[in-house]
Amino acid sequence: MSTTLPSGPGADDIAREGSLDPAPVVSAEENPYTRIEVSSRRVDEAVRLSERYYGGSRFRITSPRAPFSFRYASLGDADVSLRLSVVTGRLTGDISRLDDYVATWFRDGTGRITTKRAPFEVEPGQPVVLPSSSAFTLEAPAGRQSLVHLARPFLERVATERHGGTLQPIAFRHDAPLAPTAVASWRQTITAATPVVTDPDAAPLIRMEANLAVARSLLTVFPWQAEYVPEALLVPRLARARAAVEFLQENAHLPITPADAAAAAGMHTRSLQNAFQRHLGTSPTEYLRCIRLDRVRRDLLEHTPKTASVTDVARAWGFGHLGRFASAYQERFGEKPNETLRR
């Protein structure tokens, strides 16, 4: 799989020694095309530039090969950009939160993503979406790393085509490799979009179509769910209740209780229950049940009757009594779970 950034005006300068903070080439359009090219032969400069362009809080380079070199390029506009990083050493970064949604793959070795849940190995050429809402550690092998950045507002707007709700954050499931057919689909989309995304003279409508193709492919190929945060909890004084909601969303696959969510948010369980009843009109337990029903629906839509059964998916999300589950599912979504699976 290859999306090495093509040459453009000045792109050959990416290998130039001693380039420090780059001077991006920015057009005067409303959604400007930007070209960033930077390189260095010093480890400390490479670390500083990585921290700047990856949005990480702390980076380090281990086992650098001599002679050491670092190259970084980014071509695209404010919605979608294709990026390339080449470093002759293993790059490790502790990242608190990414500014964009980022899909990446390594060309020359195995990488690793470590979240609070578990580490996940990324094989060469295997694309993965980096965690978008939680802290993680990224370990990139020496060699080339390709990245596709999609601006949060842009991708979240496109995602409303799928979930039909209001604008909301998206959480990608990055803990399992994609099927070969999915990798091939992603490769085809990026290959087709690259000439437009990297062309500074592309017409605005043509560029938008290419950007939309990348965004829609990302949402089709990589499993995800919308992480809806109720508008009632967006005010600053309800930050702890909002943190409890986020805890429930991030850990719905685990055997958690409202007491766990309260503790994670720094609240008493009774205070959390009162906040949910007052501002959401439901209990934390019922809210968690609805999250799990949503996850069941997501999984059923990703499968067919040949690849999964309603019983297996329901039990995976903690619904042991299938009769009550089916009733709750139909009440929430207006159709039976087996109807969703057949679609």
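Do we find a residue being out of contact with any Phe, Trp or Tyr (no Cβ under 9 Å at 6 or more places or on another chain), over 25 Å from residue 298 (Cα atoms), basic (Lys, Arg) and not assigned by TED's automatic domain parsing to the domain that holds residue 173 anywhere in the range 262-270? Among the residues of the range 262-270, at least one is out of contact with any Phe, Trp or Tyr (no Cβ under 9 Å at 6 or more places or on another chain), over 25 Å from residue 298 (Cα atoms), basic (Lys, Arg) and not assigned by TED's automatic domain parsing to the domain that holds residue 173, which makes the answer yes. Before we move on, is residue 81 buried (at least 17 other Cβ atoms within 10 Å of the Cβ), in contact with a Lys or Arg (Cβ under 6 Å, 6 or more places away or on another chain) and not charged (D, E, K, R)? In short, no.
Of everything in the range 84-121 that is within 30 Å of residue 206 (Cα to Cα) and of a type outside the set (A, V, I, L, M), the residue that is surrounded by the fewest Cβ atoms within 10 Å (Cβ to Cβ) is 99. Take residue 311 and tell me if it is farther than 18 Å from residue 163 by Cα and free of Cβ contacts under 8 Å to residues at least 60 places away in the same chain. In short, yes. The single condition among (1) modelled with pLDDT under 90; (2) touching a Lys or Arg at 6+ places or on another chain (Cβ under 9 Å) that residue 307 does not satisfy is (2).
Would you confirm whether any residue within the range 102-109 is over 15 Å from the mean Cα position of the chain (by Cα), among the aromatic types (Phe, Trp, Tyr), assigned by TED's automatic domain parsing to the domain that holds residue 220 and over 24 Å from residue 179 (Cβ atoms)? Looking through the range 102-109, none of the residues is over 15 Å from the mean Cα position of the chain (by Cα), among the aromatic types (Phe, Trp, Tyr), assigned by TED's automatic domain parsing to the domain that holds residue 220 and over 24 Å from residue 179 (Cβ atoms).
The residue pairs whose first member lies in the range 320-343 and is exposed (fewer than 12 other Cβ atoms within 10 Å of the Cβ), whose second member is β-branched (Val, Ile, Thr), and whose beta carbons are closer than 7 Å, counting only pairs six or more residues apart or on different chains, do not exist in this structure.
Within the range 172-193, residues that are not assigned by TED's automatic domain parsing to the domain that holds residue 302 and modelled with pLDDT of 95 or more sit with their Cβ atoms under 6 Å from residues that are in a loop (DSSP other than H, G, I, E, B) and of a type in the set (S, T, N, Q), at 6+ positions apart or across chains, in these pairs: 190/3. Within the option set 210, 252, 215, being touching a helix residue (DSSP H, G or I) at 6+ places or on another chain (Cβ under 6 Å), surrounded by 17 or more Cβ atoms within 10 Å (Cβ to Cβ), outside any helix (DSSP H, G or I) and touching a residue at least 24 places away in the same chain (Cβ under 8 Å) holds for one residue only, 252. Within the range 283-310, the only residue that satisfies the criterion of being over 19 Å from residue 178 (Cβ atoms), β-branched (Val, Ile, Thr) and exposed (fewer than 15 other Cβ atoms within 10 Å of the Cβ) is 285. Just one of the numbered conditions (1) in the same structural domain as residue 122 (by TED's automatic domain parsing); (2) under 27 Å from residue 276 (Cβ atoms); (3) of a type outside the set (Lys, Arg) is not true of residue 230: (1).
The values are calculated or read from the model by the stated rules, or taken from the named source; none is laboratory data. The model shown is predicted, which means the values in this text are computed figures rather than measured ones. Cβ sites come from the backbone with ideal geometry, for glycine too, and all protein chains shown count toward neighbours.
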